[in-house]
Amino acid sequence: MAADRIPTHEALALQIKRLGAEYVFGLMSEETAQLIASIDSCGVRFCSARHENNAVAMAEGYASASGRLGIALIGRGPATANGLHGLVYARKTGSRVLVLLGAGTDAPPNPNGFGPDTKALDASAVLQGAGVRHMVAHDPESAPQMLAQAAAAASHGLMALLLPMNVLNGMAPASAGCEAIVLTAPSRQAAPREAAISAATALLQRARKPLIVSGVGAHRAGAAEAIARLADHIGAALCTTMKAKDMFRGHPFDCGVLGSFSHSAGRRLIEQADCILVFGAGLNQRTTSQGTSLPAGTPLIQVDISREAIGRWLHCDVAVAGDARAVAEALMAAVPPRQEEDKMLRSDGNRRILAEYRPELDFEARHTPRTIDPRTVGVELDRMLPADRNVVYDAGNFLSVAAYVSVPGPAHIKQASDFSSIGMGFGTALGFACGDRHRVTVLFIGDGAFLMTMSELETAAREGIPLVIVLMNDCAYGAELHFLKLRDMPLATTQFPDIDYAPVAEAFGFRAATVRTVEELRRLGGLLAAPDGPVFIDCKINGAVAAAFLEETAPKRSKT
Ligand SMILES: Cc1ncc(C[n+]2csc(CCOP(=O)(O)OP(=O)(O)O)c2C)c(N)n1
């Protein structure tokens, strides 16, 4: 072997180490096994998932929590097909994720030259069809450098790199791609146009009751403080999208989340607004409750770094393209301060409405003898779990619980539903927990999604990932149950047996409990206040409680 050449899998492993990677998440196939062994040998932790989808979701969750590059490594053919759900999900999140995939070659797959290649899959065509940007390493010589390029490209969202078997099994230069790899930050357009600021100023000056809606874009721009200052300056009330939940927690005029996850006190102020100023929020169907959450006909100013996001789902009267913080500061300078007595939304009455809001008084709890109202589960766990926490949600009817569970801020809430799929929550939560080991990560997941991904119980326990899993168990595909119910259809196909999963989680090494009543849940206070290892709670919930976002999509019934 020439001294200056090493096996490609070793060169690639060294390149991954040079990227500064802490973890590679993945699942082994024969063509990637040597690369995985090399990665592990060079001191980068290979964290093995039990399904390729979950491996990709782990990389996404890690990237999302840490802001660093999340790397997944999965095999070719069936492994690639298995990972496709995760790949599309990761693309939709926009997180910095690099997925390395084994790939086939035209040569017969086994050394004796016999075929056929039963794992053959046109991965390029599949990835292209799925809208996943990808590169192909064509030769061992350039593969390490290509990996560096793919990692740099992943700064702007998901990038996949196909590593064919002949490349992985070849020899690469030992010194390939030694230069430092710099991940570029997404470029931000700093200053808004003056004309846009004047138009927005004119509307805000005329408004008596302005409302500011902030989304995750405002959070990413670090605009929370500037927006709160602007709100105080013009006498606006504040609210956020679900993705930016608790951005203004503690502010006396924080109305909470807008739309499907809103609360009654916040809505009382929101419905009074006579001008809406939106920062970094896409205004999707849940934020707008299918277009009904904001007072009809109210002038709307939309600020977004991306021009395409402006006016996309809701009318917009004034568009301001620019960085949320820069725009908030520009408006602060341009709009004259409003006198205290003219801050109509900031009346003592409105202050009291918000201060007196108690989540448990916002609904009439519907427990049954053997189940808890899902909203009560949220209210109780909000008090019981450590306040400094990350919360990750899978998707389903149970998601209504999210309205009642607070977080330290938008960096600590993650909904794994960018693909509107179930089953992405478990992997995402595992990766999120790896990306932020300073606080406990709590996963809320329905029994349907849990059964899709429960193999990862083993991963959590093996890797010592401190995860609290709250299984919102209604023994049903609840979202589908309510979908059919709202359309007067039979429900039997959506319902499943009542199985206790706590012993299953216990077998994997979790501390686990089953709860059917509020009293049983409260008894877990000690376990939940400071969890020191993986914890699993099978919460038997009343599936009859439908989430607002499902009811909002129900067909309109004609009056008889
Ligand atoms: C991958 C995938 N398969 C199926 C669906 C359709 N679907 C949406 S919600 C849901 C039910 C989920 O059940 P569960 O996880 O128990 O949560 P629940 O709705 O009961 O709260 C299903 C099957 C989907 N969105 N994604």
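Karplus-derived 3J(HN,Hα) values for segment 427-441, using 6.51 cos²θ - 1.76 cosθ + 1.60 with θ = phi - 60°, are x, 4, 5, 4, x, 4, 5, 5, x, 9, 7, 7, 9, 6, 10 Hz; glycine and proline are entered as x. What's the long-distance tail for the chain, i.e. % of Cα pairs beyond 47 Å? Across the chain, Cα pairs with separations above 47 Å total 18 percent. Per-residue packing, averaged as other Cβ atoms within 10 Å, sorts the ranges 390-399, 27-36 into the order 390-399, 27-36, beginning with the highest. For the pair Ala529 and Leu491 in one chain, pulling the backbone fully straight at 0.36 nm per residue adds 9.9 nm over the alpha carbon distance. In whole percents, the pair-distance distribution calculated for segment 5-173 from its alpha-carbon pairs, binned every 5 Å from zero, is 2, 10, 20, 24, 23, 14, 6, 2, 0, 0.
Over the Cα atoms of segment 401-549, what is the Rg over Rh ratio if Rh follows Kirkwood? Taking Rh as the inverse mean 1/r over Cα pairs, Rg/Rh reads 0.96.
From least to most packed, judged by other beta carbons within 10 angstrom and beginning with the fewest, Glu480, Glu463, Glu360, Glu52 follow the order Glu360, Glu480, Glu463, Glu52.
Ordering 550-556, 447-453 by mean Cβ neighbour count within 10 Å, with the highest value first, yields 447-453, 550-556. Rg and Dmax over the alpha-carbon atoms of segment 230-321 stand at 12.3, 33 Å.
Here the Kirkwood formula puts the hydrodynamic radius of segment 194-355 at 15.1 Å, using every distinct Cα pair. Percentage of Cα-Cα pair distances in segment 1-93 greater than 19 Å, rounded to whole percent? Cα-Cα pairs in segment 1-93 separated by more than 19 Å: 40 percent. Amide hydrogen proximity for His134: with H placed 1.01 Å from N in the peptide plane, the residues at 5 or more positions away or on another chain lying under 5 Å are Ala160.
Overall, the chain carries a charge dipole of about 1280 debye about its Cα centre when +1 sits on the Cβ of Lys and Arg and -1 on the Cβ of Asp and Glu, all other atoms neutral. Counting only alpha carbon atoms, the long axis of helix 143-153 and the longest principal axis of the chain meet at about 0°. The calculated P(r) of segment 482-533, using every Cα pair and 5 Å bins from 0, goes 4, 15, 15, 17, 13, 11, 12, 9, 4, 0 in percent. Other residues lying with their Cβ under 11 Å from the Cβ of Leu471 contribute a combined charge of -4, Lys and Arg counting +1, Asp and Glu -1.
Cα-based count: Lys pairs in the chain below 21 Å, eight or more positions apart or different chains? Within the chain, the lysine pair count is 9. When peptides 60-67, 158-165, 325-332, 381-388 are sorted by average Cβ neighbour count within 10 Å, with the highest value leading, the order is 60-67, 158-165, 325-332, 381-388.
No value in this document is a laboratory result; all are computed from the given coordinates. As the structure is a computational prediction, the values presented were derived from the model and not from experiment. Because the Cβ atoms are built from the backbone with ideal geometry, glycine has one as well, and the counts that use them run over all protein chains shown.
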